[in-house]
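Asker: Handing you a structure now.
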Amino acid sequence: MIAKPKHQRLVLILVALAAVFAAVLLAMWGLRDRAAYFYTPAEIASGKAAVGKPVRLGGMVEKGSIQHLADGVTTRFTVGDGKAEVSVVYRGILPDLFREGSGAIAEGQVTSDGAFVADNILAKHDERYMPPELGNQADEHKTAATVER
Amino acid sequence: MIAEAGLAALWLAAGLALLQLFLAFGPAAVRSGTAPVRSVAIVQGALTLLAMLMLMWTFARTDLSVLLVADNSHSAKPWLYKVAGAWGNHEGSMLLWVTILGIAGAALAVFSRRLEERTLTAALGAQGALALGFFAFLLLSSNPFARLDPPAFEGRGLNPLLQDPGLVFHPPTLYLGYVGLSVAFSLAVGALISGRVDSALAKAMRPWVLGAWIMLTLGITAGSYWAYYELGWGGWWFWDPVENASLMPWLAATALLHSVNVLAARNSLRAWTMMLAMVAFSMSMVGTFLVRSGILTSVHAFAVDPKRGTFLLALLALYVGAAFLLFAFRSGKLSEGPPFELVSREAALIGNNLLLTVILGVVFVGTLYPLFVEAVTGTKLSVGAPYFNAVAGPLALILALLVGVGPLLSWRRDSGERLKRLAIPALIGLTAFAIALFALPSPGILPKIGLGVAAMLAVAAFLPLAGRKLRRTPLSTWGMVVAHFGVAVAIAGMAASTLTTVEVLTAARPGDQIEVGPWLIEFESVTPVAGSNWTALEAELRASRGGGDTILKPQARFYTDPPTQTTEAAIETVL
């Protein structure tokens, strides 16, 4: 059966609206438990992040805190924000721009003993660039970097 | 002088864009025909191209009295990266964007002469309006030709991550795609104004959409490959917001590419196709806003002044708002197209469009949700692969199944007789799925279904050729077959890389041997090497599997200007 053009158009409009609605519902459902929250070291230290849930931790890599463990591929370091420090363990290849006294974001989860196990480390991409997520706390470092030039 | 000439060309082009707008919509528009507005569009395009060439020249000569060059280039850089470095920064990259917008407008004026007069005039006017806003953005907040007085003694250098052949191909191809869609946008605006939305318009719009889609696909692939060898360790897509910014116009353009065919062949889906043409370029502008406003954390976010983000957001709101207001007022006046049945090619293409729209919606929400939440509540969060894979993945696979079905249906109504041909591909797909299910130990059902769907589609893609005389088959059918087969190859690759990746993480010294799956890697030596603006430690690894062996030479590079360390992965591609 071929519908009248007018009816067909109405059906198409309804189907299109339903599709957009479905997209939003699907997205809401997907976002409910799949968004990773960003925390500062102080928030992690005060236990704001649930144990075992994927989260991001952002801060400065503390001077003198990077230790390479005996297996050669595991690194332990401390991320701080001036208020608190969190110990991070990461097994993998560190980004080239990862260094002490510089900003980094660790993706991973908090363990029951309050440490952070990272499965990915993001570092800033170049000397002039500072991740907005690290914003204010890193201002001093940013100025320092500019002066060096 | 060169910088001033470039700046003058930009100002002139901006003036011409204003004139173009006036000629198209001003009081004399109807009387004078298309000739004046067309010539203005051509000259405007030529002037923007001239400005871009001037900028490339200042970079090629490393003219350190130009601020942008001093900030982003260095005299000791290889010449290729000096020239391509012209768009390896915010201002230059926006100039490239505007240049392609100008050239697209000029090309529209040259090649679409036979289009209905009122439509073409209004489309060129819309193109002028778009150009005007982005000229304003460049000239008022991102002047690429600003001088530095006194000139710098030496440039600060280009971010070494960008010193790669990828910089030569990725931005221009991606932008040709992004901005090529502006023509579809302008044509839709023109047609809504003139009220002439018909198959003639669709036939004029189709080459632009196809060209932009090809460039966008190439640009995304080039970017993905660049990320694969430069940034990641084996990753090729990270659902990074910037990647999504290029995926969203691609999804919309893919939908448009299909619906514009319905309009061209059957004169149906008029309002919907106009809507998609507007959405596609709007997504390009959303992408530009996301990448260029500096609100994202990414390799693409060059050091950016936050005020520029507001400017871009205002432009985006203005253009998208105006276009959709026009659509709201004019689309109701379009008459309905000829009807079709539930089992027909039209219906299958609507299915394609709806699925692509839903995927686009899912990616859009996932990409903008973190920005929205942070703006409203201040909470910072990120949405990554787990969300996108779980929500968009299944939809993409359903769509891929439909890709096998749609081309077998005829326009208007179909008995479904030819669908029986799908029996063999379906059997092959099910077999591939069963093998993947039992032979591959890794968890996750989605990639295994993906392998099955890819196997089915790889065969089904060729069915439209069955029973045809191959020599007489039109090129467009061949194009469709190849593109659909490409979808199967892409899905197979994505699924296989998810399922069969073998990863060994180890620290080694020269003389060590490492076993990775069937491969034996021998670490032979480390030697210092040097390039024109870097020094490196280069390892030599002998990789062997059964018979012959290959030498891999990864490097840890140290660039001096700016002082940066990068890792050059060694990649061996085998079948």
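Asker: Select from segment A:61-93 the residues that are aliphatic (A, V, I, L, M), out of contact with any helix residue (DSSP H, G or I) (no Cβ under 7 Å at 6 or more places or on another chain) and crowded, with 20+ Cβ neighbours inside 10 Å and list them in ascending order. So that I can check it myself, show each step before the final result.
Answerer: Filtering segment A:61-93 down to residues aliphatic (A, V, I, L, M) leaves A:61, A:66, A:69-70, A:73, A:79, A:84, A:86, A:88-89, A:93.
Checking the rest, the ones that are also out of contact with any helix residue (DSSP H, G or I) (no Cβ under 7 Å at 6 or more places or on another chain) come to A:61, A:66, A:69-70, A:73, A:88-89, A:93.
Result: A:V61, A:V88.
Asker: Same structure again: Among the numbered criteria (1) more than 10 Å from chain A (Cβ to nearest Cβ); (2) in contact (Cβ under 8 Å) with a residue 12 or more places away in the chain, which one does B:T357 miss?
Answerer: (1)
Asker: Can you run down the residue pairs with Cβ atoms below 7 Å, 6 or more apart or on separate chains, where the first is in segment B:60-75 and in the same structural domain as B:L167 (by TED's automatic domain parsing) and the partner is among the aromatic types (F, W, Y)?
Answerer: Listed pairs, sorted by first residue: B:A60/B:W79; B:V66/B:F145; B:V69/B:F59; B:S73/B:F59.
Asker: Condition test on B:G33, is it more than 29 Å from the chain's Cα centre (by Cα), on the phi < 0 side of the Ramachandran plot and surrounded by fewer than 24 Cβ atoms within 10 Å (Cβ to Cβ)?
Answerer: So B:G33 does not fit the description; no.
Asker: Tell me which of these A:T111 doesn't satisfy, since it passes every other one: (1) modelled with pLDDT of 85 or more; (2) more than 19 Å from the chain's Cα centre (by Cα).
Answerer: (2)
Asker: Checking B:A375 against (1) within 10 Å of chain A (Cβ to nearest Cβ); (2) modelled with pLDDT under 90, which test does it fail?
Answerer: Unmet condition: (1).
Asker: Just checking, which of B:L176, B:L130, B:L161, B:L120 is at pLDDT below 90, touching a helix residue (DSSP H, G or I) at 6+ places or on another chain (Cβ under 7 Å) and surrounded by 20 or more Cβ atoms within 10 Å (Cβ to Cβ)? Spell out how you get there, then give the answer.
Answerer: Working: B:L176 fails: at pLDDT below 90; B:L130 fails: at pLDDT below 90; B:L120 fails: at pLDDT below 90.
So the residue among B:L176, B:L130, B:L161, B:L120 that is at pLDDT below 90, touching a helix residue (DSSP H, G or I) at 6+ places or on another chain (Cβ under 7 Å) and surrounded by 20 or more Cβ atoms within 10 Å (Cβ to Cβ) is B:L161.
Asker: Can you confirm whether segment B:116-137 contains a residue that is in the same structural domain as B:F289 (by TED's automatic domain parsing), under 30 Å from B:S75 (Cα atoms) and in contact (Cβ under 8 Å) with a residue 24 or more places away in the chain? Give the derivation first.
Answerer: Residues of segment B:116-137 that are in the same structural domain as B:F289 (by TED's automatic domain parsing), as a first pass: B:116-137.
Remaining after also requiring under 30 Å from B:S75 (Cα atoms): B:135, B:137.
Add one more test, that the residue is in contact (Cβ under 8 Å) with a residue 24 or more places away in the chain, and what stays is B:135, B:137.
Yes, that holds for at least one residue.
Asker: Evaluate the following for B:Y319: is it at the interface with chain A (Cβ under 8 Å from one of its Cβ atoms) and either at pLDDT 90 or above or in a helix (DSSP H, G or I) (or both)? Walk me through it before giving the result.
Answerer: On the way: at the interface with chain A (Cβ under 8 Å from one of its Cβ atoms): no; either at pLDDT 90 or above or in a helix (DSSP H, G or I) (or both): yes.
No.
Asker: Quick check on segment B:59-71: of everything there that is surrounded by 24 or more Cβ atoms within 10 Å (Cβ to Cβ) and within 28 Å of the chain's Cα centre (by Cα), which residue is nearest to B:W11 (Cα to Cα)?
Answerer: First pass over segment B:59-71, keeping only residues surrounded by 24 or more Cβ atoms within 10 Å (Cβ to Cβ): B:59, B:66, B:68-69.
The next check asks that each one be within 28 Å of the chain's Cα centre (by Cα); those that pass are B:59, B:68-69.
Working: B:F59: 20, B:L68: 18, B:V69: 20 Å.
Applying the filter and picking the extreme gives B:L68.
Asker: When you scan segment B:396-415, do you find a residue that is part of a loop (DSSP other than H, G, I, E, B), within 29 Å of B:T498 (Cβ to Cβ) and small (G, A, S), even just one?
Answerer: To start, the set of residues in segment B:396-415 that are part of a loop (DSSP other than H, G, I, E, B) comprises B:409-415.
Narrowing the set further to residues that are within 29 Å of B:T498 (Cβ to Cβ) leaves none.
Looking through segment B:396-415, none of the residues is part of a loop (DSSP other than H, G, I, E, B), within 29 Å of B:T498 (Cβ to Cβ) and small (G, A, S).
Asker: Same structure again: Does segment B:203-235 hold any residues that are part of a helix (DSSP H, G or I) and modelled with pLDDT under 85, and which are they? Can you show your working first?
Answerer: Narrowing segment B:203-235 to residues part of a helix (DSSP H, G or I): B:203-230.
Residues satisfying the conditions are B:A227, B:Y228, B:Y229, B:E230.
Asker: Please note which strands (runs of 3 or more DSSP E) are completely contained in segment A:20-129 and include at least 2 residues that are hydrophobic (A, V, I, L, M, F, W, C), more than 10 Å from chain B (Cβ to nearest Cβ) and in contact (Cβ under 8 Å) with a residue 12 or more places away in the chain. Lay out the reasoning, then the answer.
Answerer: Numbers: elements: A:35-39, A:55-61, A:74-80, A:85-91, A:103-110, A:116-123.
Qualifying strands (runs of 3 or more DSSP E): A:55-61, A:74-80, A:85-91, A:103-110, A:116-123.
Asker: Do we find that B:T498 is over 30 Å from B:T550 (Cα atoms), surrounded by 11 or more Cβ atoms within 10 Å (Cβ to Cβ) and polar (S, T, N, Q) in this structure? Give the derivation first.
Answerer: Values: over 30 Å from B:T550 (Cα atoms): no; surrounded by 11 or more Cβ atoms within 10 Å (Cβ to Cβ): yes; polar (S, T, N, Q): yes.
Here the answer is no, as B:T498 does not meet what is asked.
Asker: Okay, next question. When you go through (1) farther than 21 Å from B:Y228 by Cα; (2) not in a strand (DSSP E or B) one by one for B:V526, which number turns out not to apply?
Answerer: All conditions are met except number (2).
Asker: Just to be sure I understand the filter: pairs with C-beta atoms under 7 Å, separated by 6 or more residues or on different chains, first member in segment B:409-431 and within 15 Å of B:A460 (Cα to Cα), second member outside any helix (DSSP H, G or I) and of a type in the set (G, A, S). Which pairs pass?
Answerer: Taking only residues 6 or more apart or on different chains, the pairs are B:L409/B:S344; B:R421/B:A466.
Asker: Of a type in the set (A, V, I, L, M), at pLDDT 90 or above and out of contact with any strand residue (DSSP E or B) (no Cβ under 8 Å at 6 or more places or on another chain): which single residue out of B:A436, B:A466, B:A455, B:A423 fits that description? So that I can check it myself, show each step before the final result.
Answerer: Values: B:A436 fails: at pLDDT 90 or above; B:A466 fails: at pLDDT 90 or above; B:A423 fails: at pLDDT 90 or above.
It is B:A455.
Asker: While we're looking at this one, here's another question. Restricting the search to segment A:9-44, which residues are of a type in the set (A, V, I, L, M), under 26 Å from A:G58 (Cα atoms) and modelled with pLDDT under 85?
Answerer: A:A35, A:A36
Asker: A further question on this structure: Of B:G429, B:G444, which residue is exposed (fewer than 15 other Cβ atoms within 10 Å of the Cβ) and of a type outside the set (A, V, I, L, M)?
Answerer: On the way: B:G429 fails: exposed (fewer than 15 other Cβ atoms within 10 Å of the Cβ).
B:G444 is the lone residue from the list that is exposed (fewer than 15 other Cβ atoms within 10 Å of the Cβ) and of a type outside the set (A, V, I, L, M).
Asker: May I ask you to verify whether A:K6 is more than 7 Å from chain B (Cβ to nearest Cβ), surrounded by fewer than 17 Cβ atoms within 10 Å (Cβ to Cβ) and of a type in the set (K, R)? Walk me through how you get there before you give the answer.
Answerer: Values: more than 7 Å from chain B (Cβ to nearest Cβ): no; surrounded by fewer than 17 Cβ atoms within 10 Å (Cβ to Cβ): yes; of a type in the set (K, R): yes.
Criteria not met by A:K6.
Asker: Regarding B:G337, is this residue touching a residue at least 40 places away in the same chain (Cβ under 8 Å), at the interface with chain A (Cβ under 8 Å from one of its Cβ atoms) and farther than 26 Å from B:A396 by Cα?
Answerer: Details: touching a residue at least 40 places away in the same chain (Cβ under 8 Å): yes; at the interface with chain A (Cβ under 8 Å from one of its Cβ atoms): yes; farther than 26 Å from B:A396 by Cα: yes.
Yes; evaluated as a whole, the condition is true for this residue.
Asker: Sticking with this one: For segment B:537-575, give me each residue that is of a type in the set (A, V, I, L, M), under 20 Å from B:W519 (Cβ atoms) and part of a strand (DSSP E or B). Talk me through it step by step, then tell me what you get.
Answerer: Residues of segment B:537-575 of a type in the set (A, V, I, L, M): B:537, B:539, B:541, B:543, B:551-552, B:556, B:569-571, B:574-575.
The next check asks that each one be under 20 Å from B:W519 (Cβ atoms); those that pass are B:539, B:541, B:543, B:551-552, B:569-571, B:574-575.
Matches in segment B:537-575: B:A539, B:L541, B:A543, B:I551, B:L552.
Asker: How many residues does segment B:353-388 hold that are touching a helix residue (DSSP H, G or I) at 6+ places or on another chain (Cβ under 7 Å) and not aromatic (F, W, Y)?
Answerer: Going through segment B:353-388, the residues touching a helix residue (DSSP H, G or I) at 6+ places or on another chain (Cβ under 7 Å) turn out to be B:353-367, B:369, B:379-383, B:387-388.
Add one more test, that the residue is not aromatic (F, W, Y), and what stays is B:353-363, B:365-367, B:379-383.
Number of matching residues: 19.
Asker: In addition: Could you list, in sequence order, the residues of segment B:83-130 that are closer than 30 Å to B:A146 by Cβ and among the acidic types (D, E)?
Answerer: B:E91
Asker: For segment B:535-553, which residues satisfy the criterion of being modelled with pLDDT under 90 and under 25 Å from A:F98 (Cα atoms)?
Answerer: If the condition is that a residue be modelled with pLDDT under 90 and under 25 Å from A:F98 (Cα atoms), then no residue fits.
Asker: Could you tell me which numbered condition A:E140 fails, if it satisfies all but one of (1) farther than 24 Å from B:A569 by Cβ; (2) modelled with pLDDT of 85 or more; (3) charged (D, E, K, R)?
Answerer: Evaluating A:E140 over (1) farther than 24 Å from B:A569 by Cβ; (2) modelled with pLDDT of 85 or more; (3) charged (D, E, K, R) leaves (2) as the failure.
Asker: Something else about it: Within segment A:124-137, is even one residue of a type in the set (G, A, S), at pLDDT below 85 and exposed (fewer than 15 other Cβ atoms within 10 Å of the Cβ)? If you could, list the steps in order and put the result at the bottom.
Answerer: Here is the first cut: in segment A:124-137, the ones of a type in the set (G, A, S) are A:135.
Those left that are additionally at pLDDT below 85: A:135.
If we keep only those that are exposed (fewer than 15 other Cβ atoms within 10 Å of the Cβ) too, we end up with A:135.
Taking every residue of segment A:124-137 in turn, at least one turns out to be of a type in the set (G, A, S), at pLDDT below 85 and exposed (fewer than 15 other Cβ atoms within 10 Å of the Cβ).
Asker: Within segment B:381-398, which residues are facing chain A (nearest Cβ under 7 Å), buried (at least 17 other Cβ atoms within 10 Å of the Cβ) and not small (G, A, S)?
Answerer: Step one: of segment B:381-398, the residues facing chain A (nearest Cβ under 7 Å) are B:381-384, B:386-387, B:390-391.
From what is left, the residues that are buried (at least 17 other Cβ atoms within 10 Å of the Cβ) are B:381-384, B:387, B:391.
Hits for segment B:381-398 are B:L381, B:V383, B:Y387, B:V391.
The values are calculated or read from the model by the stated rules, or taken from the named source; none is laboratory data. Predicted, not measured: the structure shown is a model, and the values here were computed from it. With ideal geometry, Cβ positions are generated from the backbone for all residues, glycine too; neighbour counts draw on all protein chains shown.
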